[in-house]
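Asker: Next up is a structure, given as structure tokens.
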Amino acid sequence: MATNTAATTAGKHQLHTQRLLRRTYFNRAFAVVYSLALLALLYRQALSLVGPISLASISMLIADLVLVFVWIASQACRMKLISREVYVENLHKVITSKEDFLGLDIFICTADPFKEPPLNVVNTALSVMAYDYPPEKLSVYVSDDGGSELTLFAFMEAAKFGRFWLPFCKRNNVMDRCPDAYFKLNYSPSPEAQTIKDMYEKMRMKIESVMEKGKVTDEYITSEEELQAFSQWKDGIFTRQQHPSVIQVLLEGSKDKDIEGNPMPNLVYISREKSKASPHHFKAGALNTLLRVSAVMTNAPIILTLDCDMYSNDPKTAQRVLCFIMDPPYPKLGYIQFPQIYHGLNKADTYAAELRQIFQINPMGLDGIRHVNYVGTGCFFNRRVFFGGPSSLIPLEIQELRPDYVVKQPIKSEQVMNLAHQVAGCNYDEDHTDWGSKIGLKYGSVVEDFYTGYRLQCEGWHSIFYHPKRPAFLGDVPISLHDSLSQNKRWAVGLLEVGLSKYSPVTFGVKAMGIFAASTYAHYALWPIWSIPITIYAFIPQLSMLNNIPVFPKVSDPWFFLYSFLFLGAYGQQLLDFILSQSTIGRWWSDQRFWLLRGLTSHLFATFEVLTKSLGINIATQGFNVTSKVIDDEQGKRYDQGIFEFGVASPMFVPMSMAAILNLVASIYGFLVINFDGFFAQMFLAGFGVLNSLPILEAMILRSDKGRMPTKVTIISAFLVLVIYGASLLVL
Ligand SMILES: O=c1ccn([C@@H]2O[C@H](COP(=O)(O)OP(=O)(O)O[C@H]3O[C@H](CO)[C@@H](O)[C@H](O)[C@H]3O)[C@@H](O)[C@H]2O)c(=O)[nH]1
Ligand SMILES: [Mn+2]
């Protein structure tokens, strides 16, 4: 990725360092002790197979086997945690002139103007257009899968505002270069800042009023070029699912200047061609279109992929990335992943949306083994990775798409524009079948990020994780339970699609990347199978207790100690991870609660959906349903107070509510009737279940606001609890 000379110069000036975290040693020692305990558990379970077998004991055995499997598979993430630092102040010693900066193409995806307000999308774009990076080397490509003139309008306005915003940020060394974040958080009202703010407000009002009208009316169109652009949205012909490709170059670096006369970065709006007859492969398809269009226009060697809801929070990020690229720690460095970090989380992170373990803690361990997974946004790629393994460049029919092709024509030239339209066509992928399989982002899973990263690693590319102190990017999270669970379900379906495909990490992955690295990918791809032990643990011990059947050792039995250790050990290690990564006990508690809730909702439904599909039964699947980023005021208020938002009568709420009711009944029964010695573990489990279910019980019984549990769900759940209790009398 780096030129040879630059790499040698970099040798003299340290650009980055890495350090092994001390907790690695603790993790290793703990893994040894915990494995021994798991062996003991398996031994005890084997012994129990000799005696009489019941449905309860078989279920508990299955639950424990799954838990043992996921525990083993997750260990590779914990064995070598590293953290990295960069010395961006040394970069100028290696890159001495503007020309030496590598080109950077930034891809931003948006898919629906009503779920992803265009004002937010342009904020994201402005935040990266204003990077401290030579604008001549910077291009921003926006993919609009919503095919919306509203989004294009917002970008036209942003291009105009950007001419003021970029020099303002650079001259005043503003840190928050996302205008919305700047004016909300940080803004020191100098007269200059006030003028810029007024301009921003004007732009906001224009964009919002166009949004309200639902179309761009003549009064907003100021030039012939704009008129021509919007004329592409002809009534009736142009729909979201069926339309020709639209490519608008809104800023052309070599011609357009900011108000101080400096060049602007390129800004290109693209809505790829859509047809109901050809699959569009969701975000992976969008990114592949951007890969091709950008190749034709600028073909920068570095690519940053960003979701429209994730803005830049640090103007030096691209330079920090260069520190790695100019002096790569490994020769086959394919990408540099930044963590997904969110703004607007409430204090306890009610829906555990932060996913600290997955986005911040595990990646340090994956970095230790060079196999960080790609999480869809905040990731800088070497363009070359999309065209085959490190030593096998896949031939392309169109020379202009090759990663080493040097663009000679200006962006707006007829030749470039024609080719750009051609490669943004909806049949392009199908006619050139390597796209999505060997070239570009991979098709076949709705978690195109996880799948693509995994396949790149199988091809031999390595990756690193970089978590700077000031977050490089900040994103949005869903703030209602249903949105959060739907998002989780989509991920779970996508992960299982990978886990059960012919490229499964369990089979293909082990061969391609070795068992150690493959186990981490298997652990993620099979993440939803957590629903099996969680569902069993939420129902079977409780139903057994109601039938006076013990399923765990007595308190006086030495095996009891083993169960306590396994439970406390796993929980304790998780808590320690949270504390050591500067989180809070409140967030840890939410995280463990949500872990359980996912098992009873999104993961359970996803497992069911994927399994029935693989058996050939096709129930309606949703594909990639985009998460809504629009916040309803009342909902927002409840979220800030940490109150769960149910509201809609989702089928996913049923198993969760059933577990809440059953655990409550079992706790009361246990408390009143049962002998302590024999049933302590079951009583404890039911009590723990109730503690975790408090927000659900409260929403069913005490609340009257709009976010309460719909009565229908409560009634169905209570009825089903009666049914399974009745069944338990017969089968347990
Ligand atoms: O057909 C589609 C669907 C989605 N998107 C874009 O994909 C991004 C992510 O969508 P979002 O609804 O925000 O999903 P999340 O679940 O928040 O996204 C996470 O999970 C996705 C995989 O499911 C990854 O692609 C994302 O990078 C990752 O942040 C957004 O910018 C969308 O505009 C498209 O461009 N085309
Ligand atoms: Mn998102």
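Asker: Step by step: first the residues of the range 590-641, then only those that are small (Gly, Ala, Ser) and not in a helix (DSSP H, G or I), then the one that is farthest from Ile579 (Cα to Cα). Which residue is that?
Answerer: Result: Gly616.
Asker: Which ones in the range 515-525 are surrounded by fewer than 23 Cβ atoms within 10 Å (Cβ to Cβ), touching a helix residue (DSSP H, G or I) at 6+ places or on another chain (Cβ under 8 Å) and of a type in the set (A, V, I, L, M)?
Answerer: The one that is surrounded by fewer than 23 Cβ atoms within 10 Å (Cβ to Cβ), touching a helix residue (DSSP H, G or I) at 6+ places or on another chain (Cβ under 8 Å) and of a type in the set (A, V, I, L, M): Ala517.
Asker: Could I ask something else about it? Quick check: is even one residue across the range 444-457 farther than 29 Å from Phe646 by Cα, touching a strand residue (DSSP E or B) at 6+ places or on another chain (Cβ under 7 Å), away from ligand 1 (no atom under 14 Å from the Cβ) and not hydroxyl-bearing (Ser, Thr, Tyr)?
Answerer: Yes, that holds for at least one residue.
Asker: Between a first residue in the range 24-53 that is open to solvent by 90 Å² or more (accessible area, probe 1.4 Å) and a second residue that is assigned to a helix (DSSP H, G or I), which pairs have beta carbons less than 7 Å apart while being 6 or more apart in sequence or on different chains?
Answerer: Qualifying pairs under 7 Å: none.
Asker: Now a separate question. For the range 553-586, which positions are farther than 18 Å from Pro541 by Cβ and in a loop (DSSP other than H, G, I, E, B)?
Answerer: Ser556, Pro558, Ser581, Gln582, Ser583, Thr584
Asker: Here's a check for you: in the range 300-325, which residue that is open to solvent by 10 Å² or more (accessible area, probe 1.4 Å) and more than 16 Å from ligand 2 (Cβ to nearest atom) is nearest to His432 (Cα to Cα)?
Answerer: Only one residue fits best here, namely Pro301.
Asker: Ser463: in contact (Cβ under 8 Å) with a residue 12 or more places away in the chain and either of a type outside the set (Gly, Ala, Ser) or within 14 Å of ligand 1 (Cβ to nearest atom) (or both), yes or no?
Answerer: no
Asker: Please tell me if Arg292 is farther than 29 Å from Pro179 by Cβ, under 24 Å from the mean Cα position of the chain (by Cα), assigned to a helix (DSSP H, G or I) and assigned by TED's automatic domain parsing to the domain that holds Val246.
Answerer: yes
Asker: Being crowded, with 20+ Cβ neighbours inside 10 Å and outside any helix (DSSP H, G or I) is the filter here; which residues of the range 643-696 pass it?
Answerer: Phe644, Glu645, Phe646, Gly647, Met652
Asker: Now for a separate question. If we scan the range 255-271, do we find a residue that is assigned to a helix (DSSP H, G or I) and of a type outside the set (Ser, Thr, Tyr)?
Answerer: Within the range 255-271, not a single residue is assigned to a helix (DSSP H, G or I) and of a type outside the set (Ser, Thr, Tyr).
Asker: So Thr110 ticks every box in (1) in contact with a Pro (Cβ under 8 Å, 6 or more places away or on another chain); (2) more than 21 Å from Gly376 (Cα to Cα); (3) within 14 Å of ligand 1 (Cβ to nearest atom) but one. Which box is left unticked?
Answerer: Condition (2) is where Thr110 drops out.
Asker: Can you name every residue in the range 262-284 that is among the aliphatic types (A, V, I, L, M) and open to solvent by 20 Å² or more (accessible area, probe 1.4 Å)?
Answerer: The one that is among the aliphatic types (A, V, I, L, M) and open to solvent by 20 Å² or more (accessible area, probe 1.4 Å): Ala277.
Asker: Looking at the range 381-406, I want the residues that are touching a residue at least 60 places away in the same chain (Cβ under 8 Å) and have a partner that is acidic (Asp, Glu) with Cβ atoms under 6 Å, at least 6 apart or on another chain. Which pairs are those?
Answerer: Listed pairs, sorted by first residue: Gly389/Glu459.
Asker: Quick check: is even one residue across the range 472-495 away from ligand 2 (no atom under 14 Å from the Cβ), modelled with pLDDT of 95 or more, farther than 30 Å from Ala699 by Cβ and not small (Gly, Ala, Ser)?
Answerer: No.
Asker: What residue, among those in the range 477-500 that are out of contact with any strand residue (DSSP E or B) (no Cβ under 7 Å at 6 or more places or on another chain) and not in a helix (DSSP H, G or I), is nearest to Lys80 (Cα to Cα)?
Answerer: Ranking the candidates gives Leu500 first.
Asker: Right, another one. Within the range 223-254, can you find the residues that are among the aromatic types (Phe, Trp, Tyr) and outside any loop (DSSP other than H, G, I, E, B)?
Answerer: Scanning the range 223-254 gives a single hit, Phe230.
Asker: Find the helices (runs of 4 or more DSSP H) located wholly in the range 380-468 whose residues include 3 or more that are open to solvent by less than 40 Å² (accessible area, probe 1.4 Å), and list them.
Answerer: Correct list: 414-423, 448-458.
Asker: Tell me yes or no: at least one residue of the range 151-159 is open to solvent by 10 Å² or more (accessible area, probe 1.4 Å), within 19 Å of Lys215 (Cβ to Cβ) and in a loop (DSSP other than H, G, I, E, B).
Answerer: Scanning the range 151-159 turns up no residue that is open to solvent by 10 Å² or more (accessible area, probe 1.4 Å), within 19 Å of Lys215 (Cβ to Cβ) and in a loop (DSSP other than H, G, I, E, B).
Asker: Yes or no: the range 285-295 includes at least one residue that is in contact (Cβ under 8 Å) with a residue 60 or more places away in the chain, open to solvent by 20 Å² or more (accessible area, probe 1.4 Å) and of a type outside the set (A, V, I, L, M, F, W, C).
Answerer: For the range 285-295, residues in contact (Cβ under 8 Å) with a residue 60 or more places away in the chain, open to solvent by 20 Å² or more (accessible area, probe 1.4 Å) and of a type outside the set (A, V, I, L, M, F, W, C): absent.
Asker: If I filter the range 358-368 for residues that are without any contact (Cβ under 8 Å) to a residue 60 or more places away in the chain, surrounded by fewer than 24 Cβ atoms within 10 Å (Cβ to Cβ) and not β-branched (Val, Ile, Thr), do I get at least one hit?
Answerer: yes
Asker: Need the failing condition index for Ser728 against (1) surrounded by 13 or more Cβ atoms within 10 Å (Cβ to Cβ); (2) over 17 Å from Ser544 (Cβ atoms), just the number.
Answerer: Of the numbered conditions (1) surrounded by 13 or more Cβ atoms within 10 Å (Cβ to Cβ); (2) over 17 Å from Ser544 (Cβ atoms), the odd one out for Ser728 is (2).
Asker: What residue, among those in the range 84-133 that are in a loop (DSSP other than H, G, I, E, B) and either among the charged types (D, E, K, R) or within 16 Å of ligand 2 (Cβ to nearest atom) (or both), is most open to solvent (accessible area, probe 1.4 Å)?
Answerer: The qualifying residue most open to solvent (accessible area, probe 1.4 Å) is Phe114.
Asker: For the range 604-642, which residues satisfy the criterion of being within 16 Å of ligand 1 (Cβ to nearest atom) and open to solvent by 70 Å² or more (accessible area, probe 1.4 Å)?
Answerer: Gln622, Val630, Ile631
Asker: For the range 299-350, which residues satisfy the criterion of being within 13 Å of ligand 1 (Cβ to nearest atom), part of a loop (DSSP other than H, G, I, E, B) and over 21 Å from Leu91 (Cβ atoms)?
Answerer: Cys308, Asp309, Pro339, Gln340, Ile341, listed by residue number.
Asker: Let me ask something else. Report yes if some residue within the range 414-425 is acidic (Asp, Glu) and at pLDDT 95 or above; otherwise report no.
Answerer: Checked the range 414-425: at least one residue is acidic (Asp, Glu) and at pLDDT 95 or above.
The values are calculated or read from the model by the stated rules, or taken from the named source; none is laboratory data. Worth saying up front: this structure is predicted, and the values here are computed from it rather than measured. Here Cβ is always computed from backbone atoms with ideal geometry, including for glycine, and neighbour counts include all displayed protein chains. Each accessible area value is taken on the protein alone, full model and side chains, heavy atoms only, with ligands, DNA and RNA left out. Shrake-Rupley method; radii C 1.70, N 1.55, O 1.52, S 1.80 Å.
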